[in-house]
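Input: a single structure, listed below in structure tokens.
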Amino acid sequence: MIRAERKRLLYRVLMLLYLVAVCLLCFANLGNMGPQEQIWGMPTDKLAHFLLFLPFPLLAWGCTLSEKESVPRILGLILLFFLLGAALGFSTEYIQDYLPNRRRDTMDFLADLCGITAASLSLMIYKLCRPKEA
């Protein structure tokens, strides 16, 4: 029990640090980024957004560690984390519209959603398909 509490506390600290990092990266003045480079035909900015939001559902899951993992609970939590991650992505883009050094970009939000979706689906598949412990 104590080990589970420590693990949950660690995830909560990591989530807090993650949220601070998201805010810093989304709201800081990063200067003129210049022409967009591409990797695999995708702008690096969009790849960065995808990777930035990829950990959200995984960290959120860690914050709610529980020994009770019924299918409805797993699906409900993953849906909740997807919606919270989407709200975070939308909020960062919305706020950027009011900052002098940033601008809102719908494609950034879509890249955020892709990262959240990939992590949510991976988490769901892992949780529903892994062998049950004896």
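The values are calculated or read from the model by the stated rules, or taken from the named source; none is laboratory data. All values reported here derive from a predicted model rather than from experimental measurement. All Cβ positions, even for glycine, are placed from backbone atoms using ideal geometry, and neighbour counts span all protein chains on display.
Check whether at least one residue in region 88-111 is loosely packed, with under 13 Cβ neighbours inside 10 Å, over 24 Å from residue 128 (Cα atoms), at pLDDT below 95 and in contact with a strand residue (DSSP E or B) (Cβ under 9 Å, 6 or more places away or on another chain), and report yes or no. The answer is yes, given that some residue of region 88-111 is loosely packed, with under 13 Cβ neighbours inside 10 Å, over 24 Å from residue 128 (Cα atoms), at pLDDT below 95 and in contact with a strand residue (DSSP E or B) (Cβ under 9 Å, 6 or more places away or on another chain).
Screening residue 79 on (1) touching a Cys at 6+ places or on another chain (Cβ under 6 Å); (2) within 24 Å of residue 131 (Cα to Cα) shows it passes everything except condition (1).
Rundown of residues vs (1) exposed (fewer than 11 other Cβ atoms within 10 Å of the Cβ); (2) β-branched (Val, Ile, Thr); (3) modelled with pLDDT under 80, yes/no style:
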{"residue": "1", "(1), (2), (3)": "yes, no, yes"}
{"residue": "5", "(1), (2), (3)": "yes, no, no"}
{"residue": "9", "(1), (2), (3)": "no, no, no"}
{"residue": "14", "(1), (2), (3)": "no, no, no"}
{"residue": "43", "(1), (2), (3)": "no, no, yes"}
{"residue": "55", "(1), (2), (3)": "no, no, no"}
{"residue": "59", "(1), (2), (3)": "no, no, no"}
{"residue": "67", "(1), (2), (3)": "yes, no, yes"}
{"residue": "70", "(1), (2), (3)": "yes, no, no"}
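Taking residue 111 as the residue in question, decide whether it is within 11 Å of residue 54 (Cβ to Cβ) and in contact with a Lys or Arg (Cβ under 6 Å, 6 or more places away or on another chain). When the stated conditions are applied, residue 111 passes them.
Among the residues here, residue 119 qualifies as in contact (Cβ under 8 Å) with a residue 24 or more places away in the chain, within 29 Å of residue 7 (Cβ to Cβ) and under 12 Å from the mean Cα position of the chain (by Cα).
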